[in-house]
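The structure under discussion appears below in the form of structure tokens.
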Amino acid sequence: MRIWNNTTFVFVLLIAPAFPQNTTPVHGFNQDPANSAASAKATDRSIESLPTTSTTLSQDQIRAIIEKVAENDLENDKKQRDYTYIQREEERKVNSQGEVQSTESRTSEVMMLFGSQVNRLIAKNDKPLSAKASTKEEERIQKVIEKRRNETEQQRNKRLQQERKDHEEGRQWVREISEAFNFHLVGIEMIEGRETYVVDAQPRQGFHPRLKYANYLPKFRFRIWLDKSEMQWVKLDAECIDDLSWGGFVARLHKGARILLEQTRVNDEVWLPKHESVKLEARMFLLKNFRLDEDTTYRDYKKFRTDSKIVGMGEVQEQK
């Protein structure tokens, strides 16, 4: 379940595939599951040989960590489906000098219902929705539930097949990331009482992409914080270091665009989103440049039974 909101589409497309999203491989790229299994075993052996106290790691060791973190993130993605939480998005409209002109916020409850992520809007600008708006929101969610509840066996098999495909494509993206960057261990840092590796990634000269969109990777650099004991990513700070265009003249992302993603450990079993910050300037369809300055925070994590139902005006039956 990908919880980062869709204003981060550029970074999700180009950087976050290190922690896999839905991507499209170039035709003919190897997708042999046996190769993936062998690669996973090799990564586990590399992880086991990591020093426990050293503050220096080789390129191969860091790549092994990145691969293990990405594999764990795929498993963590499944656990996220058992949780509901509150998401608050705050968008600041800024002028050409970067001065804030206005601020708007949307607060939603995020949950998984019958295998689909659902965001129920509950407040705008920190004020609860009106009775009319709330009823309309409930009706929208009920339509989603009914669609999934009436899913045929063929539709379900197709959905599960797509999930397996996404899982494998995620592994392929990890290999692209490990080849696209040179990694450097900056040091060890404590975050929320947990030790993390702090790793810088700079584009590697001579990188030859094999997956669609991977040719954009050299346009970015990032710093990532990796939990030492859990082998999970804790924080990602990515920056666009050159103007980037795609789709001909469809869109251009300007140099300096930046995103910060943070996760937190919940119930000693799952990593869930904590904070997201996006700052970018872009041009779409040759139109006027637009600036995006947005912060999203997440809170009130609760265990949620995925087959629960919504009753009345949105009362969720939580797992007891």
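Given the residues Arg210, Arg204, Arg299, Arg258, which is the only one that is closer than 23 Å to Thr107 by Cβ and surrounded by fewer than 17 Cβ atoms within 10 Å (Cβ to Cβ)?
Arg299
What is the number of the single condition among (1) under 30 Å from Val266 (Cα atoms); (2) over 21 Å from the mean Cα position of the chain (by Cα) that Ile191 does not meet?
The one condition Ile191 does not meet is (2).
Among the residues in segment 29-36, are any modelled with pLDDT of 70 or more and surrounded by fewer than 13 Cβ atoms within 10 Å (Cβ to Cβ)?
no
Condition first: of a type in the set (Ser, Thr, Tyr) and under 30 Å from Asn72 (Cα atoms). Now tell me which residues in segment 113-168 satisfy that. Steps first, answer last, please.
So in segment 113-168, the residues of a type in the set (Ser, Thr, Tyr) come out as 116, 130, 134-135, 152.
Passing the criteria: only Ser116.
Being at pLDDT 90 or above and either among the β-branched types (Val, Ile, Thr) or surrounded by fewer than 17 Cβ atoms within 10 Å (Cβ to Cβ) (or both) is the filter here; which residues of segment 106-118 pass it?
Matches in segment 106-118: Thr107, Val110.
For segment 263-320, what are the residues that are closer than 25 Å to Leu236 by Cβ, of a type in the set (Phe, Trp, Tyr) and modelled with pLDDT under 75?
Answer for segment 263-320, where residues must be closer than 25 Å to Leu236 by Cβ, of a type in the set (Phe, Trp, Tyr) and modelled with pLDDT under 75: just Phe290.
Go through segment 213-231 residue by residue and tally those that are crowded, with 20+ Cβ neighbours inside 10 Å, farther than 16 Å from Arg175 by Cα and either among the acidic types (Asp, Glu) or modelled with pLDDT under 90 (or both).
1
Wholly within segment 49-166, which strands (runs of 3 or more DSSP E) include no fewer than the required count, namely at least 1 residues that are polar (S, T, N, Q) and closer than 30 Å to Ser178 by Cβ?
Details: elements: 83-94, 100-113, 116-124.
Here the list reads 116-124.
Restricting to segment 169-180, name every residue that is more than 17 Å from Asp73 (Cβ to Cβ) and either surrounded by 20 or more Cβ atoms within 10 Å (Cβ to Cβ) or modelled with pLDDT of 95 or more (or both).
Within segment 169-180, Ala180 is the sole residue that qualifies.
Identify the residue in segment 187-213 that is touching a residue at least 60 places away in the same chain (Cβ under 8 Å) and either touching a helix residue (DSSP H, G or I) at 6+ places or on another chain (Cβ under 8 Å) or part of a strand (DSSP E or B) (or both) and, among all such residues, is nearest to Pro273 (Cα to Cα). Full working, then the answer.
First pass over segment 187-213, keeping only residues touching a residue at least 60 places away in the same chain (Cβ under 8 Å): 187-188, 192, 194, 197, 199, 210-213.
Pick out the ones that are also either touching a helix residue (DSSP H, G or I) at 6+ places or on another chain (Cβ under 8 Å) or part of a strand (DSSP E or B) (or both) and you get 187-188, 194, 197, 199, 210-211, 213.
Working: Gly187: 24, Ile188: 22, Arg194: 16, Tyr197: 19, Val199: 20, Arg210: 30, Leu211: 27, Tyr213: 25 Å.
Top of the filtered list is Arg194.
The values are calculated or read from the model by the stated rules, or taken from the named source; none is laboratory data. As the structure is a prediction and not an experimental result, all values here were calculated from the model. No Cβ is skipped: glycine too gets one built from the backbone with ideal geometry, and neighbour counts run over all protein chains shown.
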